[in-house]
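Student: Take a look at the following structure, please.
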Amino acid sequence: MGNRWIYFYSMAPTTKKKILISLLFLAMGTIVFGLYLYNKGPLDIRSSKGLAVKAVDLYSIFYTDSVVAGKMYIDKVLRVEGTIKEVSQNASQQQVILFKTGIAEAAINCTMEMPIQNIHLSDKLVIKGICSGIGQGDADLGIVGDVYLTRCYSTIK
């Protein structure tokens, strides 16, 4: 350890100056980038365009190959079009809308940020939200997993 410091002290003054200035700029850049990320705020889903996909197709992709689907859709804003299967509330009193997927027990599960009024079963709807992936389900019990969207908003079709 001591030999490294001896080497640093034996350097020419201009070399030491260049190293110290480089370290200073690196530290300043790190601080500026950290402040940018801190002040950036959460993603604005309403103004995001989102990847357009039909509910049936989204579930089919996740059901067929969840790894490929995960790379394509997880943590991305999706604009999902589908037919309402069920409307309920979760434990946090948020509205949850389930889209039909073509498989009776499966759904696209959308947790809404703001409730939608005057919707009925079998209505067609377009919802934007962040995809969290597919739930595990239980193959032994014949339970398939749902695909989850969070922070959802309704959009005009």
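The values are calculated or read from the model by the stated rules, or taken from the named source; none is laboratory data. Everything quoted here is computed from the prediction, not taken from an experiment. For neighbour counting, all protein chains shown are included, and Cβ atoms are generated from backbone atoms with ideal geometry for every residue, glycine included. Keep in mind that these areas ignore ligands, DNA and RNA; they rest on the heavy atoms of the full protein, side chains included. Shrake-Rupley method; radii C 1.70, N 1.55, O 1.52, S 1.80 Å.
Student: Output the residues belonging to region 91-149 that are small (Gly, Ala, Ser) and out of contact with any strand residue (DSSP E or B) (no Cβ under 9 Å at 6 or more places or on another chain).
Tutor: At the first step, the residues of region 91-149 found to be small (Gly, Ala, Ser) are 91-92, 102, 104, 106-107, 122, 129, 132-133, 135, 137, 139, 142, 145.
Within region 91-149, Ala91, Gly102, Ala104, Ala139, Gly142 meet the criteria.
Student: Let me ask something else about it. Inspect region 26-45 for any residue being at pLDDT 95 or above and of a type in the set (Ser, Thr, Tyr) and give the result as yes or no.
Tutor: yes
Student: Also, I was wondering about something else. Quick one: how many residues across region 88-97 are part of a strand (DSSP E or B) and open to solvent by 60 Å² or more (accessible area, probe 1.4 Å)?
Tutor: Going through region 88-97 one residue at a time, the tally reaches 1.
Student: Of all residues being open to solvent by 40 Å² or more (accessible area, probe 1.4 Å) and either among the small types (Gly, Ala, Ser) or at pLDDT 90 or above (or both) in region 121-136, which is nearest to the chain's Cα centre (by Cα)? Just the residue, please.
Tutor: Ser132
Student: Between residues in region 87-109 that are closer than 15 Å to Ser132 by Cα and residues that are open to solvent by 20 Å² or more (accessible area, probe 1.4 Å) and among the polar types (S, T, N, Q), which pairs lie under 6 Å by C-beta distance while being six or more apart or on different chains?
Tutor: Short answer, once both residue conditions are applied: Val96/Ser88; Val96/Asn90; Val96/Thr111; Leu98/Asn109.
Student: Further question: Can you pull out the residues in region 12-45 that are surrounded by 10 or more Cβ atoms within 10 Å (Cβ to Cβ) and in a loop (DSSP other than H, G, I, E, B)?
Tutor: Within region 12-45, Leu43, Ile45 qualify.
Student: With open to solvent by 30 Å² or more (accessible area, probe 1.4 Å) and of a type in the set (Phe, Trp, Tyr) as the only criterion, which of Tyr148, Tyr59, Tyr73 stands out?
Tutor: Details: Tyr59 fails: open to solvent by 30 Å² or more (accessible area, probe 1.4 Å); Tyr73 fails: open to solvent by 30 Å² or more (accessible area, probe 1.4 Å).
None of the other options fit; the residue is Tyr148.
Student: Is it the case that Thr83 is within 22 Å of the chain's Cα centre (by Cα) and not hydrophobic (A, V, I, L, M, F, W, C)?
Tutor: Working: within 22 Å of the chain's Cα centre (by Cα): no; not hydrophobic (A, V, I, L, M, F, W, C): yes.
Spelling it out, it is not the case that Thr83 is within 22 Å of the chain's Cα centre (by Cα) and not hydrophobic (A, V, I, L, M, F, W, C).
Student: Evaluate the following for Ser48: is it at negative phi, surrounded by 10 or more Cβ atoms within 10 Å (Cβ to Cβ) and at pLDDT below 90?
Tutor: Values: at negative phi: yes; surrounded by 10 or more Cβ atoms within 10 Å (Cβ to Cβ): yes; at pLDDT below 90: yes.
Considered against the rule, which asks whether it is at negative phi, surrounded by 10 or more Cβ atoms within 10 Å (Cβ to Cβ) and at pLDDT below 90, Ser48 comes out as yes.
Student: Determine whether region 113-123 contains at least one residue that is of a type outside the set (A, V, I, L, M, F, W, C) and not in a loop (DSSP other than H, G, I, E, B).
Tutor: No, there is no match, as no residue in region 113-123 is of a type outside the set (A, V, I, L, M, F, W, C) and not in a loop (DSSP other than H, G, I, E, B).
Student: Now a separate question. With the checklist (1) modelled with pLDDT of 95 or more; (2) open to solvent by less than 60 Å² (accessible area, probe 1.4 Å); (3) of a type outside the set (Val, Ile, Thr); (4) over 19 Å from Gly50 (Cβ atoms) in hand, flag the one item Lys100 doesn't pass.
Tutor: Of the numbered conditions (1) modelled with pLDDT of 95 or more; (2) open to solvent by less than 60 Å² (accessible area, probe 1.4 Å); (3) of a type outside the set (Val, Ile, Thr); (4) over 19 Å from Gly50 (Cβ atoms), the odd one out for Lys100 is (2).
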